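Following: one structure in structure tokens, then a few remarks.
The values are calculated or read from the model by the stated rules, or taken from the named source; none is laboratory data. It should be emphasised that the depicted structure is a prediction, and the values quoted were computed from it without experimental measurement. In this analysis, Cβ positions are derived from the backbone assuming ideal geometry, glycine residues included, and neighbour counts consider all displayed protein chains. Each accessible area value is taken on the protein alone, full model and side chains, heavy atoms only, with ligands, DNA and RNA left out. Shrake-Rupley method; radii C 1.70, N 1.55, O 1.52, S 1.80 Å.
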Amino acid sequence: MAELLNGWKRTHYCGDPTAAEIGREITLMGWAGTWRNLGALIFIGLRDRTGVMQVTFDESKLPKEVFEKAETIRSEYVIAVKGVLAKRDENMINKNMRTGELEVIARDLKILSVSETPPFYIDDDVNTQEQLRLKYRYLDLRRPCMQYNMLMRSKITRIAHDYFAEQGFIEIETPTLCKSTPEGARDYLVPSRVQPGKFYALPQSPQIFKQLLMLSGFDRYMQIARCYRDEDLRADRQPEFTQIDLEMSFVEQEDVMRVNEGFIQRLMKETLDIDVPLPLPRITWQEAMDRYGSDKPDTRFGLEFINITDIADGCGFGAFADAVAAGGSVRCINVEGGVDKFTRKQIDSLVEYVKTYRAKGMAWMSMKSEGMQCSFAKFLTEEQIAAIHERANAKTGDLLLFIADAKNEVVYQSLGALRLEVGRRLGLMDEDKFNFLWVVEFPQFEWSEDDGRFYAMHHPFTSPMDEDLPLLDTDQGKVRAKAYDIVLNGNEIGGGSIRIHSPEVQEKMFEKLGFTKEQAWERFGFLMGAFKYGTPPHGGLAYGLDRLAMLITKAQSIRDVIAFPKVQTASCLMCAAPDVVEDAQLEELHIATVVEKE
């Protein structure tokens, strides 16, 4: 039967006692993990969020009823122990534990709660399906690695609160019941009971509200903001997620970047004791695409793109020549020493891999000691082959991998994915390295072939670069934005921009995105109307807290840094959400559901 505390007070967490306190009587409380019964001696590994302490119950030193109670303890029982901190015998020291040289010699015991046998062992090395872990998430969260992740996430948010407060930022909460603005990802909708037929939307970001706060005179805003997007999930996406959200007035791009570089430097020092030199490297979007095929490049390793479009122009190899003639490009990567690292079968597997990224295929050139082997050499002249070797700095033992396509975006995407796959297979990514950089000068717009129109690459409130404003009416596709992303090891961890603060430019932006004036005012009228009352120049940035925590903790999935995550169907396996509701609730909301028959 579970006992009550009856005045017992915890004096220490399990991982906190030190050798300086040996001989002191302490009280610990937590969960029984490992336990061994050797007859007259019982050893319990008592666990809480700080670590594990070995507790020893010695039959010769305990009242009979206390020792008999200790004999009933099993895994995951919740217990409280009073005892004396002691040094372990030399042959019992565990150097893999922070408290491995210490133990508590028990004097008294309370069993606060009993436990059934858990569906899986509470240990970091547990080998069980993720679905089972998520169903019993409250047990999964007891594992030390998960507790480390949650504690590190908490530390990240504390550092953000402290740092930005010191920089003069004011924390303000923005609404989570908002107006739907269907541009971009789908909104989660919330029906209104008191206004039948009308709906709120859960915010995809606090974007409009934080801009309105700049108009309101709160020139430095910060919020740990919950956001929601009804979109297909991936390993690093969730339907609900958290942003470290910022906005500043009377600033230009460099001001925003400088403040955030200070945050990154402090964050890495206080979490992982890593010194990040400032300023962070920065490259333009176009340079990132030309060198890595990605606007979030992983710069921990090389394999940068080599552009041979000019050499391939008019050559005898149709796949190359046709791509160039259609306005595309031919690019390659040089896998140094790759001849000895990739068999022909493995090269063929790379050909199939790039096809999943819309490439029609992959050409290759193997620089073997006995002579070059190549999938297309017979179509090129000796001069063209020599030019490729020189451009790629190819040496004996190297393997060149080529992608050609009439669309540059296909070349970027497929060769960029190939670069990462080769890097993974060869172990080129140093897991202990943290490479930050800024990517700047993004395109203002991106063209959708499916819809036959331009979309905002970031969002419609991003300001074009000053020198590109005339291009809005003459060459819309060449307009660059005052936008900037911060990237860590191939992951975008934050993105922002300088915003439009001119009503005329904002109206022009909506026009170029295909909105009529009436549509723009219907969806964003409260923002555009506010712009008429004095808008300061302003800009900001938002970090994905979940992704940032995943990278700092080196977690395998973003789900491992979220206490209660969703799975790919946007459902919670633990509480079975979403679920049906009673008809009376639907009637009260003036809505009905239509369920398709199987």
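With q set to 0.19 Å⁻¹, the log10 of I(q)/I(0) for the range 510-598, from the Debye formula over equal scatterers at the Cα positions, is -0.91. For the range 138-241, the alpha carbon positions stretch 48, 38, 26 Å along the principal axes, listed from largest to smallest. Ranked by the mean number of other Cβ atoms within 10 Å of their residues, highest first, the peptides 529-535, 251-257, 402-408, 99-105 come out as 402-408, 99-105, 251-257, 529-535.
Mean Kyte-Doolittle of at least -0.5 plus a Cα span of 20 Å or more along the axis: flag which DSSP H helices in the chain meet both, please. Both cut-offs are met by 144-166, 408-425. Put a plus charge on the Cβ of each Lys and Arg, a minus charge on the Cβ of each Asp and Glu, and nothing anywhere else: the dipole of the chain about its Cα centre is then about 1380 debye. The share of C-alpha pairs in the range 251-389 whose separation exceeds 22 Å stands at 55 percent.
Loop-only check: which trypsin sites (Lys or Arg not before Pro) in the range 123-195 are DSSP coil with at most 13 other Cβ within 10 angstrom? Passing sites in the range 123-195 are ARG193. For the chain, the solvent-accessible area of protein heavy atoms averages 50 Å² per residue (probe radius 1.4 Å; ligands and nucleic acids excluded). Its residue count N sets the reference 2.2 N^0.38 Å, and the alpha-carbon radius of gyration of the range 403-484 equals 1.43 times that reference. Taking label positions 7 Å along the Cα-Cβ direction at both SER349 and SER448, the computed distance is 3.8 nm, reported to one decimal. Three principal axis extents describe the C-alpha atoms of the range 363-435; from largest down they are 43, 33, 18 Å. Remark on the chain: hydrodynamic radius 28.7 angstrom, per the Kirkwood mean of 1/r across alpha carbon pairs. For the set VAL594, VAL84, VAL354, solvent exposure ranked by accessible area (probe 1.4 Å, protein chains only) runs largest to smallest as VAL594, VAL84, VAL354.
Work out the FRET efficiency for PHE43 and THR176 from their Cβ-Cβ distance, taking R0 = 51 Å, and round it to the nearest 0.05.
Numbers: r = 49 Å, r/R0 = 0.97.
The calculated FRET efficiency here is 0.55.
Around the amide H of ILE274, modelled in the peptide plane, lie the amide H atoms of LYS269, all under 5 Å away and 5 or more residues distant in sequence or on another chain. Across the chain, the mean sequence separation of Cα contacts (distance under 8 Å, 6 or more residues apart), normalised by length, yields a relative contact order of 13 percent.
Using alpha carbons only, what's the Rg to Rh ratio of the range 202-288 with Rh from Kirkwood?
Details: Rg = 15.8 Å, Rh = 15.5 Å.
In the range 202-288, Rg relative to Rh is 1.02.
The Cα atoms of the range 48-200 give a gyration tensor whose axes a ≥ b ≥ c have a/c of 1.5 or more with a/b greater than b/c, which makes the shape prolate. Each helix, a run of at least 4 DSSP H residues, gives -39500 (n - 2.57); summed and divided by the residues of the chain, these come to -8500 deg cm²/dmol at 222 nm.
Report in % the part of the accessible area of the chain that belongs to carbon and sulfur, leaving out ligands and nucleic acids; probe 1.4 Å.
Numbers: 14930 of 30100 Å².
Carbon and sulfur atoms account for 50 percent of the accessible area of the chain.
Summarising the label geometry, the points placed 7 Å from Cα in the beta-carbon direction at LEU272 and GLN195 lie 4.6 nm from one another. All distinct Cα pairs of the range 419-573 go into the 1/r average, and the inverse of that average, the Kirkwood radius, is 18.4 Å. The count of lysine pairs in the range 469-598 with alpha-carbon distances below 18 Å, taking only pairs 8 or more places apart or on different chains, stands at 7. Remark: the PHE120-LYS64 segment gains 16.9 nm on full extension, using 0.36 nm per residue and subtracting the alpha carbon distance.
Size of the dipole of the range 449-570 about the Cα centre, Lys and Arg at +1 and Asp and Glu at -1 on the beta carbon, nothing else charged, in debye to 20? Spell out each step's value before the answer.
On the way: 14 positive and 17 negative charges, 99 e Å.
So the dipole magnitude of the range 449-570 works out to roughly 480 debye.
If R0 is taken as 30 Å, the Cβ-Cβ distance between LYS378 and ARG358 corresponds to a FRET efficiency of 0.65.
Would you mind classifying the range 307-390 by shape? Square roots of the alpha carbon gyration tensor eigenvalues, ordered a ≥ b ≥ c; an a/c under 1.5 is rounded, otherwise it is prolate if a/b is larger than b/c and oblate if not. Taking the square roots of the gyration eigenvalues as a ≥ b ≥ c, the range 307-390 is oblate.
Measuring max minus min along each principal axis, the C-alpha atoms of the range 113-158 give extents of 36, 27, 18 Å (largest first).
Can you tell me how the range 1-108 classifies by the Cα gyration tensor, rounded, prolate or oblate, using a/c under 1.5 as the rounded cut? Spell out each step's value before the answer.
Details: a/c = 1.42, a/b = 1.20, b/c = 1.18.
Because its axes are fairly even, with a/c under 1.5, the range 1-108 counts as rounded.
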